[in-house]
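The structure appears right after this line, and notes come after that.
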């Protein structure tokens, strides 16, 4: 069973968002890392890059496939987790601890449209 | 059209295989994970369900003559119980399929073809029968097949049969071998770059063989292995995959498989004229190996550029599990195929530097 962490918000594409004031950390959910398999490459954006909601902001690649990662809420990148570039397997080890980017939210209301951890658990149960 | 199940479908589900629709068949991409399965085959042994492969028999007085007319390789050189790798081409030189021809005897050839091409091949072969005295039959649905691959393959399989497997040399076969109580045809062939065997039986028998091999190989660390590592293993070993390194539009000469195209074969074969012409005029594009210098992974289909000009595309690309390097095959303009030539791979709208290297990625031990 894929792990879901309480207090985070989730997208249907299996990204998570952790909101802190006007900023948020974004990463991929356990389901995503599990289905990708051993992650061997992570491509991150640059600080100050701006993205709209649901725009691809990063890519993660396992041996078998490449997958774009979409930003569930619009924002401007204020920090990237460079550790992932050197050690992509961290995303397999703990996808919730290892965030990908920290953003400044463009519109905080967009968070309301994401799933809560309870909604996401239901979504996983129904989808899988 | 829904995908078909191989006789081993229930076993894949029981083993927790991640089953997908591949070439019209439900098959597992992986069980435990691509990388551990890949390593099992390189270091110990792995067991693949390859029941999806197509089997077409050609029987009759003209079997050898007819098949030789369809194939680029010289089938007339085969002796009984020997196997040959060959291409089957269009008159244009493009590839209909790549396959193995097993010679049972001079009036009985057994063709093992790609699953995705089985119907196409059967139609193609039948259409060209002409006046040849042969009977052609697609027996794919009644044949199950497993491949046991890896340095310990023989050790494991030997536990299940009284027949001395060391008698079967590379690219040779033995019929009517009793494996775990099932009558099988066994060949020393595979698609991984490792030693190993492919075992053919009927649909019920192959389930028994599959389970017996997994049980017998426990001590050696055998793993059930999926399509995921089948592709990385064959790629590292420079073995081509139809639809990638060649297809209906790409000739075997462009893909670098001239060794399997006997242009000087005495008898005529389909595609001979076009291939001869292409060879004498010189190739315009050629398959090369490349290694990425910049970060990123170059995947199949990505475009290749040189000084802003598009010169080809990636046919297969991976982070090699064995070598840990980002490598690939690309079909590119022959002006840029010298070793160490710098090329650019377009990865998600950015250009990553790469250089041309030998396609023989895996140095043999």
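Below is a table of values for the structure above.
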item	result
Computed helical MRE - 222 nm, the protein assembly as shown, DSSP H runs ≥ 4 contributing -39500 (n - 2.57), nearest 500	-5500 deg cm²/dmol
Dimensionless Rg over Rh [chain B; C-alpha; Kirkwood]	0.97
GNM top mover of A:104, A:15, A:55 - chain A, alpha-carbon springs below 10 Å	A:55
Overall form of the stretch B:54-141 per C-alpha gyration tensor (a/c, 1.5; a/b vs b/c)	rounded
Mean shadow area of the stretch B:153-210 over all directions, Cα convex hull, nm²	3.7
The stretch B:225-265-the stretch B:1-76 distance, computed between alpha-carbon centres (Å)	16
Candidates B:20, B:41, B:288: whichever shows maximal mean-square fluctuation once chain B is modelled as a Gaussian network with Cα springs under 10 Å	B:20
Top of B:293, B:207, B:96 by mean-square fluctuation, Gaussian network on chain B, Cα under 10 Å	B:293
Rel. contact order, % - alpha carbon contacts under 8 angstrom, at least six apart, chain A	31
Rg in Å to one decimal, and Dmax rounded to a whole Å, for the stretch B:185-314 via C-alpha atoms	19.9, 57
Alpha-carbon centroid distance for the pair the stretch B:77-117 / the stretch A:1-21, whole angstrom	53
Value of relative contact order over chain B, rounded to a whole percent, pairs C-alpha under 8 Å and six or more apart	18
Kirkwood estimate for the stretch B:87-225, i.e. one over the average of 1/r between Cα atoms, Å	16.4
Peptide-level mean, for A:60-69, of C-beta atoms on other protein chains within 10 Å	5
Residue-averaged beta-carbon neighbours from other chains (10 angstrom radius) around B:313-322	2
Computed Kirkwood radius, in angstrom, where 1/r is averaged over Cα pairs of the stretch B:243-309	14.3
P(r) of the stretch A:13-109 over all Cα-Cα pairs, binned every 5 Å from zero, in whole percent	3, 16, 28, 27, 17, 8, 2, 0
Number of partner chain Cβ atoms within 10 Å, mean per residue of A:37-43	5
Relative frequency of Cα-Cα separations exceeding 19 Å in the stretch B:284-357, percent	20
Debye-sum result for the protein assembly as shown in log10 I(q)/I(0), which assumes one identical scatterer on each alpha carbon, at q = 0.07, 0.09, 0.12 Å⁻¹	-0.44, -0.71, -1.13
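Only the coordinates and a few stated rules stand behind these numbers; no lab work does. Quick caveat: nothing in here was measured; it's all calculated off a predicted structure. Backbone-built Cβ (ideal geometry, glycine too); neighbour counts: all protein chains shown.
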